[in-house]
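Since the structure comes first, as structure tokens, the remarks are kept for the end.
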Amino acid sequence: MMLYIHIPFCDSKCHYCSFNSYVMSNQHKKNYMKSLLVQLKHETAKNNIKRYESIFIGGGTPSVVESNLYEDIFKYLSKFIDKDVEITIEANPTATKKWMKSIYKLGANRISFGVQSFDEKKLIFLGRNHNTNKAIDAIQDAYDVGFRKINCDIIYDTVLDNKILLENDINTIFDLPITHISAYSLTIDKNTNFYKQPKKQKTDIKLTKYIFDKLSKNGFIQYEISNFAKDISNISKHNLGYWQFKPYIAVGAGAVGCINNQRVYMQKDVVKYIQKPILYKDIEVLSEDNIITEKTMLAFRSIVGVDIGIFDDKQLQNIAIASNEGKLKIKNNKIYSVDFLIADELSLYVLGQ
Ligand SMILES: C[S@@+](CC[C@H](N)C(=O)[O-])C[C@H]1O[C@@H](n2cnc3c(N)ncnc32)[C@H](O)[C@@H]1O
Ligand code: SF4
């Protein structure tokens, strides 16, 4: 079973971000971590979990919570994990070396930094709370304390982007001990500063292809539309699990788990969550059609492929047409997309939606 742990705190809110995260007091953080453990124990027992195969502590910003507040969670989880299990923790470049050292000692073996860009102007534009040098130092510090799996998130498709800026960002990544890149196209959701402002997003397919090509020419494997690993050993098992539609337990405010063909939604409000951490806000039962749609969409955005056996006759006809047009590959009864960038349209076409 995979496990996702949500930390809904940040030091400030970036202009583009609609994630469930808030600037809150240390007392809230302390209480929250206790409730998190309550829910974790509850889910582990209820689902009769013997082993967690991967763990992802995301946010929000896990690095704004003192490392000692993670001790009980790691201690509890130690009974359910084997030695080499991938344990990722997200961090902001403002994380201190001391925090990274403690969290590494506790057992995290993969760290994921929200960098977004190494360009000073773009960082200000995005409302980030760090500058370029801080991001470079944080990545170096993570390596120094022992992390050998280091991810860097970047954002593209902003109005500031051009080839020179992105080339510089990627070259900086190549100079650092980064083993994985998540490159996200900017999306503008409601409840963000950007939503209320003049246009900040600009899609430029040439620049997207430039990023993909440059990473691939330098040996990075694109295993999902936004995810690139330096080599096979750096493909995130947890990420890959999501694309494979593996079940996962999710704990924390606003976390969404998917288990026994049900999507389980937790309370988003942190204070309410602290009070009642085992209460589900909502449960969505996934129909067989929902599951086929989900599996197809996830598979076409990634290298995992989807079993041909799940499709009906009409869908198989669509698959044959798309395959003749060179948009899909069929190998060993599995279907793979050829171009991740058209994954969503292709899924809808195949599914007949
Ligand atoms: C939880 S944050 C990473 C850790 C930490 N909170 C930070 O930002 O430094 C996850 C990532 O999602 C991406 N992200 C968030 N909102 C986004 C948006 N609207 N468009 C594209 N990417 C976004 C960013 O790249 C961000 O680093
Ligand atoms: S991008 Fe990261 S740091 Fe910025 S508000 Fe979102 S979760 Fe917080």
Odd one out for ILE136, checked against (1) open to solvent by 40 Å² or more (accessible area, probe 1.4 Å); (2) in contact with a Gly (Cβ under 8 Å, 6 or more places away or on another chain): (2)
Taking region 96-114 and keeping only residues that are aromatic (Phe, Trp, Tyr), within 16 Å of ligand 2 (Cβ to nearest atom) and either open to solvent by 60 Å² or more (accessible area, probe 1.4 Å) or within 24 Å of LEU240 (Cα to Cα) (or both), one is left with PHE113
Considering ASN290, ASN333, ASN318, which residue is exposed (fewer than 13 other Cβ atoms within 10 Å of the Cβ), polar (S, T, N, Q) and either out of contact with any His (no Cβ under 8 Å at 6 or more places or on another chain) or farther than 30 Å from ASN20 by Cβ (or both)? ASN333
Take the residues in region 158-187 that are in a helix (DSSP H, G or I) and open to solvent by 40 Å² or more (accessible area, probe 1.4 Å); name whichever of them is nearest to ILE221 (Cα to Cα). PHE174
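Conditions tested, residue by residue: (1) closer than 25 Å to GLN222 by Cβ; (2) in contact with a strand residue (DSSP E or B) (Cβ under 8 Å, 6 or more places away or on another chain); (3) open to solvent by less than 30 Å² (accessible area, probe 1.4 Å).
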site: LEU286; (1), (2), (3): no, yes, yes
site: SER302; (1), (2), (3): yes, yes, yes
site: GLY305; (1), (2), (3): yes, yes, yes
site: ASP313; (1), (2), (3): no, no, no
site: ASN324; (1), (2), (3): yes, no, no
PHE118 vs (1) near ligand 1 (Cβ under 9 Å from one of its atoms); (2) touching a Ser or Thr at 6+ places or on another chain (Cβ under 7 Å): all pass except (1)
Quick count over region 2-39, residues being open to solvent by 30 Å² or more (accessible area, probe 1.4 Å) and either away from ligand 2 (no atom under 16 Å from the Cβ) or closer than 19 Å to TYR280 by Cβ (or both), is 8
Leading residue by the ranking (farthest from GLU43 (Cα to Cα)) among those in region 53-95 that are among the β-branched types (Val, Ile, Thr) and within 16 Å of ligand 2 (Cβ to nearest atom): THR94
Have a look at LYS206, LYS199, LYS190 and point out the one that is open to solvent by 40 Å² or more (accessible area, probe 1.4 Å) and part of a helix (DSSP H, G or I). LYS206
Close pairs (6 angstrom Cβ cut-off, 6 or more residues apart or separate chains): without any contact (Cβ under 8 Å) to a residue 40 or more places away in the chain in region 87-108, in a loop (DSSP other than H, G, I, E, B) and within 14 Å of ligand 1 (Cβ to nearest atom) anywhere: ILE87/ALA108; ILE89/ALA108
Only unsatisfied item for VAL271, checking (1) open to solvent by 70 Å² or more (accessible area, probe 1.4 Å); (2) assigned to a helix (DSSP H, G or I), is (1)
Hey, could you check region 236-265 for residues that are assigned to a strand (DSSP E or B) and without any contact (Cβ under 8 Å) to a residue 40 or more places away in the chain and say which is nearest to the chain's Cα centre (by Cα)? VAL256
Any residue at all in region 52-73 that's surrounded by fewer than 18 Cβ atoms within 10 Å (Cβ to Cβ), more than 16 Å from ligand 1 (Cβ to nearest atom) and without any contact (Cβ under 8 Å) to a residue 24 or more places away in the chain? no
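The values are calculated or read from the model by the stated rules, or taken from the named source; none is laboratory data. Just so we're clear, the structure is a prediction, and the values are computed from it rather than from any experiment. Backbone-built Cβ (ideal geometry, glycine too); neighbour counts: all protein chains shown. Please note that ligands, DNA and RNA were not included when accessible areas were found on the heavy atoms of the full protein model with its side chains. Shrake-Rupley method; radii C 1.70, N 1.55, O 1.52, S 1.80 Å.
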